[in-house]
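Engineer: I have a structure I would like to understand better, so I am pasting it below and will then ask my questions one at a time.
The values are calculated or read from the model by the stated rules, or taken from the named source; none is laboratory data. All values reported here derive from a predicted model rather than from experimental measurement. Neighbour counts are summed over all protein chains in view; Cβ atoms, including those assigned to glycine, are modelled from backbone coordinates with ideal geometry. Please note that ligands, DNA and RNA were not included when accessible areas were found on the heavy atoms of the full protein model with its side chains. Shrake-Rupley method; radii C 1.70, N 1.55, O 1.52, S 1.80 Å.
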Amino acid sequence: MSALQGWPCWFGLGIICEAQSGAGDTLKALLIICIGDSASQKMHYYRYSNAKVSCWYKYLLFSYNIIFWLAGVVFLGVGLWAWSEKGVLSDLTKVTRMHGIDPVVLVLMVGVVMFTLGFAGCVGALRENICLLNFFCGTIVLIFFLELAVAVLAFLFQDWVRDRFREFFESNIKSYRDDIDLQNLIDSLQKANQCCGAYGPEDWDLNVYFNCSGASYSREKCGVPFSCCVPDPAQKVVNTQCGYDVRIQLKSKWDESIFTKGCIQALESWLPRNIYIVAGIFIAISLLQIFGIFLARTLISDIEAVKAGHHF
C-alpha cells in the first residue's frame, strides 16, 4: 500500500490482467483507475514478470562445483608439498633441467584447472554472475570436445600414438634416476603391467646408470630396475638389487628373473581386455560434464529471464 501514497487519487479500482509475452513468460498487469481527480481521470499501468531463478538449479550447481573446487585444493596442496620435499620451490629451474616429465607438474595442472572451474562455478551460482557462469560452461564444453577429439584421433592414428608413446617412455627412461616421482611412476607402471622398458629390457641401455657400455662404472650396469623383476612369493621384503647384472646373462634366461615383454605391448594387450571399464569411465566423465553444462545453461537462462522482466 505504500506505493499508492502521494497519488492524486480519491478512489481507486485495481484490476490484475494476465497475458503471454513473446518469450513465453506470463506477464501480469496491474491496472489502477483513479476516480475523482480534480483535473481528470488517470490510469496507471504497472507490469511485472513472474520469472525467477530456480533455487534447485542454483544450489545444485553450487554443490556440483564445490566438490571440484575442494578436489582442486587437494591436488594443489599435494603438488606443492611434493615440490617442497624435492626442493623445487626454492629452485624452480630444476623443472626445466629435467629431460623427462615431472609427474607433479601434471598434478598441479589438474589442480589449477579444477580449482579455477570450481571457483568460477561456485561464485557464479551464488552471485548469479552470468560472466562467471559462461566462463565455467564454455571451459567445460571445450574440455569435453578436446577429450572427444583425442579419443577419436587415438583410434584413427594408432601407429602415430604408439610411436609418440614410445618416444615419451624412452625419454623418461633416460631421466629415471633424476626424479624420485618419475622413478616411482615408471616402477608402478612396470610392476602393474609386468613389463620392462618400452619394447623390452634392452631399452634400459638408454639410461646412463643401466647402460652396458664399457664407459659405465655404475653398479647397476647391464641391469634393470627392481620393478622389472619377477616377484618371488617367498620374499616378504622387496629386493631392490634383483635386477643387477641380469642382462649379462643369455637372453634365453632373462625370463627366469625379469619380465621380457615391453610396456607398450602390455598396454596394447590390456586395453582390449578392459575396454568396457575404459568406456564406462569415459562415459561417466562425459555425463558429469554434460550435467554441469546443463545446470549452468539453465541457471543462465533463469537469470536472463529475470533481468529481462525488470525492463518492462
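Engineer: Pull up all non-local amide H partners of ILE258: gap of 5 or more, or a different chain, and H-to-H distance under 5 Å with H placed in the peptide plane.
Structural biologist: Here the answer is VAL230, since their amide H atoms fall under 5 Å of that of ILE258.
Engineer: Sticking with this structure for a sec: Once both labels are modelled 7 Å past Cα along the beta-carbon direction, what's the ASP187-VAL278 spacing in nm?
Structural biologist: Placing both labels 7 Å along Cα→Cβ, they lie 2.7 nm apart.
Engineer: So, one more: Could you rank TRP69, TRP254 by how accessible they are, 1.4 Å probe, largest area first? Could the numbers behind the result be given before it?
Structural biologist: Details: TRP69 75, TRP254 15 Å².
Solvent-accessible surface, decreasing: TRP69, TRP254.
Engineer: A further question on this structure: At 7 Å along Cα-to-Cβ for each site, give me the label-to-label distance between ILE285 and VAL306 in nm.
Structural biologist: Inter-label distance under the simple model: 3.4 nm.
Engineer: To continue, here is another question. Just list whichever of LYS174/LYS253; LYS174/LYS251; LYS191/LYS261; LYS191/LYS236; LYS86/LYS221 have alpha carbons separated by over 19 Å in the model shown.
Structural biologist: Beyond 19 Å between Cα atoms: LYS174/LYS253; LYS174/LYS251; LYS86/LYS221.
Engineer: Relative contact order, percent, of region 171-265 when contacts are C-alpha pairs under 8 Å separated by at least 6 residues?
Structural biologist: Details: 140 pairs, mean separation 31.4, N = 95.
Relative contact order, region 171-265: 33 percent.
Engineer: Past the 24 angstrom mark, what percentage of all C-alpha to C-alpha distances in region 171-265 do you count?
Structural biologist: The calculated P(r) of region 171-265 puts 12 percent of pairs beyond 24 Å.
Engineer: If I stretch the segment between ILE293 and VAL53 completely, what's the gain in nm (0.36 nm per residue apart, minus their alpha carbon distance), one decimal?
Structural biologist: Extra length from ILE293 to VAL53 when fully extended: 84.7 nm.
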